[in-house]
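The values are calculated or read from the model by the stated rules, or taken from the named source; none is laboratory data. Keep in mind that what you see is a predicted model, and the values were worked out from it rather than measured. So basically every Cβ, Gly included, is an ideal-geometry build from the backbone, and we count neighbours across all protein chains shown. Heavy atoms of the whole protein, side chains included, go into the accessibility calculation; ligands, DNA and RNA do not. Shrake-Rupley method; radii C 1.70, N 1.55, O 1.52, S 1.80 Å.
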Amino acid sequence: MASGLFIGGRWLDHGTRVANINPSDTLDPLGDYNWGTVADVEAAVAAARAAQPGWAAVLPEARARLLRRVGDELLARADELGRLMAREQGKTVREGRGEVIRSGEIFHFFAGETVRNHGVFTPGLREGFTITVSQEPVGVIGVITPWNLPLSIPAWKIAPALAYGNTVVFKPSELTPDCAFVLTDMLERAGVPAGVFNLVMGNGRDLGPALIDGCDAITFTGSGPTGAAVVAATAGQMKKVQAELGGKSGLVIDKTCELDLAVEVAFQGAFHGTGQRCTASSRIIVLDAVRDAFLDKLLKRMADSRIGHALEEATEIGPVVDQRQLDKDLGYIDIARTEGGEVLGGGSVLERPHAGFYLAPCLIATTNNGARINQEEVFGPVASVLAAHDLDEAIAIANDVHYALSSGICTTDLIAAETFRSRSRAAMVTVNAPTAGLDFHVPFGGRAPSGYGPREQGIAAREFYCEYKSTYVNVSGHL
Ligand code: NAD
């Protein structure tokens, strides 16, 4: 497979070489890869700008065919690429396979969008006037992505960008270059014209400013502080921006819940993906009436979980992505203890036959929702538990956090479910399902400060990747 930078239709092999580490086994490096320079970003932006009018003029069906080919290949190679992702990022091979399939489906969805992007025709307000409202591409889109969903986030940004006639400069996470090479290689072989899609690798802090300066719009997913810096930089230039950021999702366990289901929802929501999901159920709010029974079962489920090498089929929870994230997770466990939290289970570094970053999923009981463990995103397999006397108090706790991405409730009471849905501040709500692992055909994204700008995914994606044009035609012969 090709690797390096992909600019103007050519693979370039220069720049600093950086090792790509397997978090399940640090003695199994995936290889070295190149970090580019600001000059590479400028060249990529120039190539994308030159190619954009031609790409916008390509017939929608031809754009659809290209996207469909990429989707087909992702689906056909789900097993192989799921393993690559497991090796590179540390999610389990099952999760990796699922993400590749999801990415293929996203490319198929947006292949369909190329021919569904209808405008509006309406009579005007004056005699003899008609108006058409059409949607045009924005231009060159800068795509900046994190490491936790290394194929599906790029897919849900790149596929709509290309579908609606934009060109792309893609800057993936430093930690997951191989997934970016795979996607670039597929796009190239699917026939993407030179300059329409470009890949630059490297340190976001160094390359970000040139990307923001050069592109017409920036779609960013990552941490809150980086997102805020990106939004601030675009604001000065009045550029279109979309930022999907962190979360601290509250999951309420109602007294009427179906207990075994609620335990599984909480376990998967908090710890699948090694808890490294913006939508992870990282605060579990349990009503007093079911607290003891729920915690007994959840702690048993955690103790029984299979934590290990991501490539082993039986593994349920893979390693944390790197040493830095592991240190951060352990640091938050210490902070929680210092602030009065009690570790109910997990939280220790695990020895495995391979040297990796293994952490036992950790559950911390706290009484103070203002504690840092309840207010700050850890982004690891670390969740807290809070108690509530009744549903009102549980909803108040769930909402008492500055993030507003997702939230959930486990209940069999229809009124409780609807009350929670309507009063939750989060942008996405689940009932009897984990707060993470959401569908691609409906709007995805958070309210500020978990998100900024138009939502992603589904047909909502058009809001970001297109600009409206309203055209007035006067056939009356007079004014
Ligand atoms: P990060 O903010 O460190 O990095 C994200 C990307 O930004 C990387 O490609 C990085 O190179 C780049 N970057 C860094 N500094 C930059 C700068 N100054 N200008 C431009 N780009 C820059 O985030 P991460 O550690 O890769 O990912 C984890 C974070 O992502 C978590 O906070 C998580 O909640 C969030 N996330 C959010 C969503 C969502 O949709 N809301 C989804 C997944 C992950």
Checklist entry - Taking only Cα atoms, what is the 0 to 90° angle, nearest 10, from helix 259-271's long axis to the longest principal axis of the chain? => result 60 degrees
Checklist entry - Percent of accessible area on the chain owned by carbon and sulfur, 1.4 Å probe? => result 55 percent
Checklist entry - Which lysines, on any chain, are close to Lys300 with Cα under 25 Å apart, when same-chain ones fewer than 8 places away are left out? => result Lys91, Lys248, Lys255
Next on the checklist: Between helix 414-423 and the chain, what is the angle of the helix's C-alpha long axis to the longest principal axis, kept within 0 to 90° and rounded to the nearest 10?
Outcome noted: 60 degrees
Next on the checklist: Give me the 1.4 Å probe accessible area per residue for the chain, excluding ligands and nucleic acids, in Å².
Outcome noted: 39 Å²
Checklist outcome for this item: Listed by chain and number, the aspartates and glutamates with an alpha carbon less than 12 angstrom from that of Lys328, same-chain partners under 8 positions apart left out, are Glu376, Glu377
Checklist entry - What is the distance, in nm, between label points placed 7 Å from the Cα along the Cα-to-Cβ direction at Met238 and at Ala293? => result 6.1 nm
Checklist entry - To the nearest 10 degrees, how steep is helix 93-113 against the longest Cα principal axis of the chain, on a 0 to 90 scale? => result 30 degrees
Item to check | Gyration tensor (alpha-carbon) shape descriptor, the chain, a/c threshold 1.5 | outcome: oblate
Checklist entry - Taking the alpha-carbon centroid of each part, what is the distance from the range 411-438 to the range 23-63 in angstrom? => result 39 Å
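Size of the dipole of the chain about the Cα centre, Lys and Arg at +1 and Asp and Glu at -1 on the beta carbon, nothing else charged, in debye to 20?
The dipole magnitude comes to about 1100 debye.
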Item to check | Peptides 211-218, 231-238, 413-420, 470-477 ordered by average Cβ neighbours within 10 Å, highest first | outcome: 211-218, 413-420, 231-238, 470-477
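Which shape class, rounded, prolate or oblate, goes with the range 230-329 when its Cα gyration tensor gives a ≥ b ≥ c as root eigenvalues, a/c under 1.5 marks rounded, and past that a/b bigger than b/c marks prolate? Walk me through the numbers before you get to the answer.
On the way: a/c = 3.08, a/b = 1.52, b/c = 2.03.
Judged from the Cα gyration tensor, the range 230-329 comes out oblate (a/c at least 1.5, b/c at or above a/b).
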Next on the checklist: Quick check: Cα centre of the range 223-237 to Cα centre of the range 368-404, how many Å?
Outcome noted: 26 Å
Checklist outcome for this item: Reduced to Cα centres, the span from the range 274-322 to the range 112-142 in Å works out to 47 Å
Next on the checklist: Let's see if you can work this out: charge +1 on each Lys and Arg Cβ, -1 on each Asp and Glu Cβ, no other charges. What is the dipole magnitude of the range 250-431 about its Cα centre, in debye to the nearest 20?
Outcome noted: 300 debye
Checklist outcome for this item: quick note, the chain, DSSP beta bridge pairs, % antiparallel (nearest 5) is 45 percent
Item to check | Within straight-line cross-link reach of Lys469, lysines at Cα separation under 27 Å, skipping those fewer than 8 residues along the same chain | outcome: Lys157, Lys239, Lys240
Checklist entry - Exactly which GluC sites (Glu not before Pro) in the range 49-135 are in a DSSP loop and have at most 11 other Cβ atoms within 10 Å? => result Glu127
